[in-house]
There are 2 protein chains.
Amino acid sequence: MPPDNKNSMTQDRLLKSAEMLFAQKGYDAVSVREITNAAKCNLAAVNYHFGNKKTLYLSVFRERWMPRAQRIRACFEENLAGCGDTSPASVIQSLAEALIKGPLTDKERLCHFQLMIREITNPTEAFEIVTEETMKPSFEGLGQLLQPYLHESIDEERALLNILSIFSMVLYFNFARLPVSKIIGHAYDQPFKDRLVQHIVDFSLSGLPVRENAK
Amino acid sequence: MPPDNKNSMTQDRLLKSAEMLFAQKGYDAVSVREITNAAKCNLAAVNYHFGNKKTLYLSVFRERWMPRAQRIRACFEENLAGCGDTSPASVIQSLAEALIKGPLTDKERLCHFQLMIREITNPTEAFEIVTEETMKPSFEGLGQLLQPYLHESIDEERALLNILSIFSMVLYFNFARLPVSKIIGHAYDQPFKDRLVQHIVDFSLSGLPVRENAK
DNA sequence: TTGACATTCAAACGTTCGTTTGATACAGAC
DNA sequence: GTCTGTATCAAACGAACGTTTGAATGTCAA
């Protein structure tokens with residue numbers, strides 16, 4: 001039997017380096033040599049531990065992306081439990097905080113959403129993990145939470161579109177930091193992220209802050 | 001002097017094929033051979049007409065993406081002129097229709113937003129074209145249109161966040177068709193796009209359709 | 001100490017990449 | 001006809017790619 005320490009150390013370093021590079025540059029723009037250099041191991045290690053580059057990419061989603069998605073979900077549920085109720089305001093506040101401030105470091109969060117976006121624009125086998133095992137269950141859960149509070153006339157599609165819209169904002173403000181920073185004129189610091197959460201909650205609950213007599 | 005017809009015909013075919021392939025697969029996943037095969041011309045044509053692959057990619061943005069962004073903008077302005085006023089409802093309706101139904105074919109629109117997303121996640125020199133020459137001016141124009149109607153307490157950053165939020169929805173519902181289709185359970189047909197525009201307008205103006213006594 | 005096994009490594013594999021080359025075809029100017 | 005410049009082409013270039021190989025290294029059971 002191999003020393004499980006050394007074995008998994010190289011595997012873990014590979015997964016870590018691969019995840020960061022895939023997130024930053026995308027699958028095709030990253031070479032196996034680049035990954036193994038970053039992980040400080042031999043070129044052949046990828047094929048020895050994961051078979052090939054594609055399986056390494058899939059392993060990144062299985063071993064690193066999925067657990068993180070679950071951590072975010074757990075954080076949302078903790079936030080909501082702390083609210084004491086399941087009103088739309090509480091739900092959205094808990095969701096926005098879990099996704100934008102949440103349990104992840106800033107680097108992790110950026111990495112997480114970049115991988116997600118790349119999988120949406122270039123779907124591979126990992127797309128199923130992202131949609132079927134993560135997004136879909138989450139959205140169904142949110143739908144059940146919000147449904148009792150929505151207008152009776154709202155059908156299921158409209159309810160889902162509302163949740164997708166909230167999600168689109170969170171996703172966008174996470175992965176499109178560059179253009180957002182360019183447009184608002186400053187970086188993503190902590191106070192701004194606080195204001196961002198507040199904005200998403202406000203906008204989701206009331207839409208544009210229009211004066212009453214101007215609607 | 002060469003026959004300007006034949007000259008520009010090959011160039012145009014290259015730009016057309018390159019745009020579609022770059023949008024579908026991303027810069028690194030598309031080879032020059034793939035592009036020249038699609039354009040039915042010789043491999044060396046890319047280097048003869050554009051110098052190299054990277055310049056071809058930039059030319060796609062300059063020669064095809066920018067004009068299309070301008071067509072969308074013109075459509076928005078026509079829509080708004082047809083409304084007779086510049087109320088937030090009219091502005092948002094005109095914007096959502098220009099972006100989601102608009103002057104483009106479905107294929108063009110998908111291509112347009114895919115290129116945009118790719119440039120946001122993998123910024124190159126074309127990123128400046130997308131942000132500085134297109135997004136920023138548009139958002140400033142929208143800000144000036146909406147400002148008079150917003151609450152006096154709303155500062156510039158909050159006003160921009162509102163516009164960015166509307167934009168995030170439009171962008172998301174355009175480029176993330178796959179997961180959206182998976183979640184709502186059907187394809188992007190014309191009636192759905194109508195409902196989508198309506199939803200974006202409603203959501204932007206009022207947020208979640210919550211019952212009054214439940215807010 | 002020996003043998004079996006897991007892991008690492010340098011080197012090479014064949015393929016595909018972006019780019020270059022030199023020949024060829026063909027237009028209009030003189 | 002000859003010359004000039006543009007456009008296309010097949011063929012080849014060196015570099016980088018993902019993957020494979022076989023030897024070397026280290027660890028533990030027997």
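Points to keep in mind about this one:
- Filtering segment B:28-60 to residues that are aromatic (F, W, Y) and more than 8 Å from DNA strand C (Cβ to nearest atom) leaves B:F50, B:Y57.
- Options B:E119, B:E133, B:E125; residue that is at pLDDT below 95 and closer than 17 Å to B:R64 by Cα: B:E133
- Hey, A:A81 open to solvent by 60 Å² or more (accessible area, probe 1.4 Å), assigned to a helix (DSSP H, G or I) and more than 14 Å from chain B (Cβ to nearest Cβ) or not: yes
- When the residues of segment B:196-215 are filtered to those that are within 27 Å of B:L160 (Cα to Cα) and among the charged types (D, E, K, R), the one that is surrounded by the most Cβ atoms within 10 Å (Cβ to Cβ) is B:D202.
- Flag for B:L95 being under 30 Å from A:L208 (Cα atoms), in contact with a Phe, Trp or Tyr (Cβ under 8 Å, 6 or more places away or on another chain) and assigned to a helix (DSSP H, G or I): yes
- Restricting attention to segment A:100-131, the residues that are open to solvent by 20 Å² or more (accessible area, probe 1.4 Å) and more than 10 Å from chain B (Cβ to nearest Cβ) add up to 10.
- Any hit, segment A:22-35, residues being within 14 Å of chain B (Cβ to nearest Cβ), of a type in the set (S, T, Y), within 16 Å of DNA strand D (Cβ to nearest atom) and not in a helix (DSSP H, G or I): yes
- Any hit, segment A:10-19, residues being out of contact with any Lys or Arg (no Cβ under 7 Å at 6 or more places or on another chain), hydrophobic (A, V, I, L, M, F, W, C), modelled with pLDDT of 95 or more and within 16 Å of DNA strand D (Cβ to nearest atom): yes
- Within the option set A:K193, A:K182, being of a type in the set (D, E, K, R), surrounded by fewer than 19 Cβ atoms within 10 Å (Cβ to Cβ) and at the interface with another protein chain (Cβ under 7 Å from one of its Cβ atoms) holds for one residue only, A:K182.
The values are calculated or read from the model by the stated rules, or taken from the named source; none is laboratory data. Predicted, not measured: the structure shown is a model, and the values here were computed from it. When we count neighbours, we look across all protein chains shown, and the Cβ atoms used for this are built from the backbone with ideal geometry, even at glycine. In case anyone asks, the SASA skips ligands and DNA or RNA and just uses the protein heavy atoms, side chains included. Shrake-Rupley method; radii C 1.70, N 1.55, O 1.52, S 1.80 Å.
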